[in-house]
Every structure is written in C-alpha cells, then in structure tokens.
Amino acid sequence: MKIVVAIKQVPERDSPLRIDATGKWIEVSGIQFGLNETDAYALEAALQLKEKHGGEVIVLSAAPERAGATIREALAKGADRAIHIECNDLGLRDALGVARLLAAAIQPENPDLILTGLQSEDLGLGQTGVIVAELLGLPHSTLILQVEILEGAGPQPRIKVQRELEEGWFQTVELPIPALLTIQSGGNKLRYATLMGIKRAKTKEVRRLKAGELSAATTSAVTLDQVSLPRRQKSTQMLGGTPREAAAALVDKLKLEARVL
C-alpha cells in the first residue's frame, strides 16, 4: 500500500507574532517552527497502516527551504521518502492554490491513500485536503480518528473509518480506495523519533520540486491584501430596563456581537 501524507510546517504556538513589512504575512525571522498537530496524527495513522499491511509512506510538503527540518523529522519517525515542493509564497496562496500544488505532485505517485491533517494551526481553513480530493477525483472523508483496511472486501479494496462528530457522537463510514482522508487529532498516540530513525532519515530520499514547474494552473482564486493583529479595545455599555429586559439584551449581545454563546 502506498500512502502519501501531506504535512505543513507552522509557527510554534508560543511564538511571538509580528506583521512583516509588506503587511501581507507574519515576520518569520526569530520564530520557531514545527510540524502541524493534525498532520502529525495523519503521519502516525499512515505509519500504523504500513506496519500492519506493508507498503510505503511518502511525506509531501509545500513549503520554503526551512521546512527541511520538519520533513526530516517525519522521515525519522518512519516515513520512507519525501517530496518537498519548494514554495516561498505559501502564505499568499489560498486553499485552492495550495491544493493545486499538492495535487500536481501527488498525481504521478498514484497512491492508494492520501492523508492530510484536518486543518492547519496557522490559518485553520480546513479546506485544502478536500479540495485535493476534488482535483484528483477521489472519494474523501473528514474528521477521521481511526482507519481500518477491510480484508476480503471484494475486487475493489475498501476502508472503514471512524469520524468524530459533535457532542461525543461518532460515525462509521466505508469508502473504496484510492481515497483521501483528513485526520483529526487524538486518534492515536504519537511516536517519537528514535536515534536510529534520526540516523536513517539522513540517507532517505527527499525529492525537491519547484512550485512553478508543477503546473501552470497553480494560481490562487483569492488574493490576500492585508493581515493584522486583533485590535485591543475596551468599551462599556449600560443596559437599561428591568432586570429581565437587561438580561435578555445581554444574552442577545453575547450571541450576536461577542459570539460566545
């Protein structure tokens, strides 16, 4: 079984964020980067499937050169090889633009499964994986916690997945493969890279591709004009009327303005 895992390098959660001189993205100098959390769970799911059924795991990342360290981390954990799409303007590409890059690199591999994280910790769009599935014409499912290969399921192999829904509800779905799944965090216990794995990672193949070489149709549909930090402001509103009327008005404001209810 050949499994491609799309991973993304994102700023560490406690990194101080500043807007860069262009006003279109964050200043990356001095920031620590690491593997996106849900992508780590996607990688773990792929490694467990490989250990049970054989095959190979290929990690794929569209990122600047600095992502090499994160790619090597994935190789050290057990991935067999990697594809690095060298892309220095990732922050200016929307989910469609990134998905086109990934799909163009995935298509020649003809994998049985494509796993991505549910969403990235920096942008949190949660769209890239399903757009890749649409571009490749593959069935897909989201919010996945567990993946099982169904043995003897007929001429076309199938998988059974568990999806996490709201309020503690779960859904079991069967899909034919090839397919794409977006993985939720918490489904498995993440492994650490061993010393032997770190040594082996240095000899594993990392194929580098230029973003412009993949396809002429890798442009974005949305243009990012500006990013800004949240504004800090304080205001006081006095709610009049009876206690019942004031309480009703407060609930409306929490729902419609603050959006915390």
* Asked: Is it the case that the stretch 87-102 has a residue that's over 17 Å from the mean Cα position of the chain (by Cα) and over 30 Å from residue 156 (Cβ atoms)?
  -> yes
* Look at residue 141 and say whether it is assigned to a loop (DSSP other than H, G, I, E, B) and among the polar types (S, T, N, Q). => no
* Hey, among 216, 193, which residue is loosely packed, with under 13 Cβ neighbours inside 10 Å, at pLDDT below 95, part of a loop (DSSP other than H, G, I, E, B) and of a type in the set (A, V, I, L, M)? -> 216
* Asked: Among strands (runs of 3 or more DSSP E) lying entirely in the stretch 1-93, which contain 1 or more residues that are without any contact (Cβ under 8 Å) to a residue 40 or more places away in the chain?
  -> 33-35
* To do: Could you check residue 249 against (1) under 28 Å from the mean Cα position of the chain (by Cα); (2) surrounded by 10 or more Cβ atoms within 10 Å (Cβ to Cβ) and say which number it fails?
  => (1)
* Structure fact -> When (1) modelled with pLDDT of 95 or more; (2) within 29 Å of residue 227 (Cβ to Cβ) are applied to residue 97, the one that fails is (1)
* To do: With respect to residue 244, determine if the residue is assigned to a helix (DSSP H, G or I) and loosely packed, with under 12 Cβ neighbours inside 10 Å.
  => yes
* Could you figure out which of (1) in contact (Cβ under 8 Å) with a residue 24 or more places away in the chain; (2) within 14 Å of the chain's Cα centre (by Cα) isn't true of residue 124? => (1)
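Each row is one residue, and each column tells you yes or no for (1) surrounded by 13 or more Cβ atoms within 10 Å (Cβ to Cβ); (2) among the small types (Gly, Ala, Ser); (3) under 24 Å from residue 37 (Cα atoms).
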site	(1), (2), (3)
179	yes, yes, yes
182	yes, no, yes
187	yes, yes, yes
203	no, no, no
210	no, no, no
229	no, no, yes
* Structure fact -> Picking from 203, 223, 172, 182, the residue that is assigned to a loop (DSSP other than H, G, I, E, B) and either at pLDDT 85 or above or in the same structural domain as residue 57 (by TED's automatic domain parsing) (or both) would be 203
* Flag for residue 37 being surrounded by 15 or more Cβ atoms within 10 Å (Cβ to Cβ) and either over 23 Å from residue 196 (Cα atoms) or over 15 Å from the mean Cα position of the chain (by Cα) (or both) -> yes
* Asked: What is the one condition in (1) farther than 30 Å from residue 132 by Cα; (2) touching a Lys or Arg at 6+ places or on another chain (Cβ under 6 Å) that residue 259 does not satisfy?
  -> (2)
* Within the bounds of the stretch 68-80, is there any residue that is modelled with pLDDT of 95 or more, surrounded by fewer than 19 Cβ atoms within 10 Å (Cβ to Cβ) and more than 23 Å from residue 211 (Cβ to Cβ)? -> yes
* To do: Any chance you could count how many residues in the stretch 82-95 are aliphatic (A, V, I, L, M), crowded, with 18+ Cβ neighbours inside 10 Å and in contact with a Ser or Thr (Cβ under 8 Å, 6 or more places away or on another chain)?
  => 4
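The values are calculated or read from the model by the stated rules, or taken from the named source; none is laboratory data. Note that the structure is predicted; figures quoted are calculated from it, not measured. Backbone-built Cβ (ideal geometry, glycine too); neighbour counts: all protein chains shown.
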